[in-house]
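Values in this text are rule-based calculations from the coordinates and carry no lab data. Source: prediction; values computed, not measured. Because the Cβ atoms are built from the backbone with ideal geometry, glycine has one as well, and the counts that use them run over all protein chains shown.
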Amino acid sequence: MGIERILASRKGKECYELPSETKGKAKKNRRRQRKMSPVQSLYEICKQVFVEFRPGIVPPSDDIQQIKSVLDGMTEVDVGLNPNMPYFKRTVTDQLPKITYLHIHECDKFSIGIFCLPPSGVIPLHNHPGMTVFSKLLFGTMHIKSYDWAGDVSSDVKAPGVQLAKVKVDSDFTAPCNTSVLYPADGGNMHCFTALTPCAVLDVLCPPYSDPDGRHCAYYLDFPFSSFPVDGSSLPDEERERYAWLRELENPEDLTVVGAMYTGPKIVK
């Protein structure tokens, strides 16, 4: 906890004079915070929030808001990007354009990175097991569709390998817009991104994917509720369009993600 927060919590109570050395440190910290790039501020807050974090545990709402408050104000300029860069161009030979990932930071607690999508670029429907994820659209227009598992709905489907999910989001988003947050069990844990224009998405994952720890990225195909015969469904007919069947598939063959060097403001660790 910083000295400023301690002092703020004492507002209206007895005042205490700080030693001159402590005052000097506090001023130095405030100067450093003013000079921090938004990326550095994001890193510092994530490091503080996720220090004791465990998979499947959602951070307190105040901590969520701290991270969102930094992300909400960020644009492509803060990470050294602009829509004219090659990452955001689609070549005439592309069937589905390749997506570029810019790695900023990763540790066992959290990761920060940017997905760069040309027009018509697609990140297929995928999950985030045990993870809390922040996604900030830095620029562009993107369609996002997301689902949560519908564990509270009983439906006996006559098809193997599918599971019922409920639509959480199915909308277009244009920057500037607020950061979206998804959680281990709700908020749209499974989502798909489709770029309608050149787009950049800054992601914070807590914790990152890790195959050894059981956090494998699974991809899905989605099917309308009416695609399969169902017995004993508790869903009214008028609500069925808000649900879909998801079937896990192997890594999509037409998905190409390439890594590139992040050239924006560096993080000082």
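Quick notes on this one:
- Using the Cβ-Cβ distance between Asn82 and Glu52 with R0 set to 51 Å, the FRET efficiency works out to roughly 0.85.
- In the range 61-260, a dipole from Cβ-located charges (positive for Lys and Arg, negative for Asp and Glu) runs towards its positive end, and of Thr132, Pro198, Leu164 it is Pro198 whose Cα lies farthest in that direction.
- Entries of Lys109/Lys269; Lys47/Lys68; Lys98/Lys266; Lys98/Lys145; Lys89/Lys166 with Cα pairs more than 22 Å apart: Lys98/Lys266; Lys89/Lys166
- Computed from the C-beta positions of Ser171 and Lys269, the FRET efficiency with R₀ = 22 Å rounds to 0.05.
- Of the GluC sites (Glu not before Pro) found in the range 185-269, those that fall in a DSSP loop while having at most 13 other beta-carbon atoms within 10 Å are Glu250, Glu253.
- Taking 0.36 nm per residue of separation and subtracting the Cα-Cα distance, full extension of the segment from Trp149 to Arg242 would add 32.3 nm.
- Length added when fully stretched, Ser226-Leu196, from 0.36 nm per residue minus Cα-Cα: 8.0 nm
- The Ser61 and Gln163 beta-carbon pair, evaluated with R₀ = 22 Å, returns a calculated FRET efficiency of approximately 0.15.
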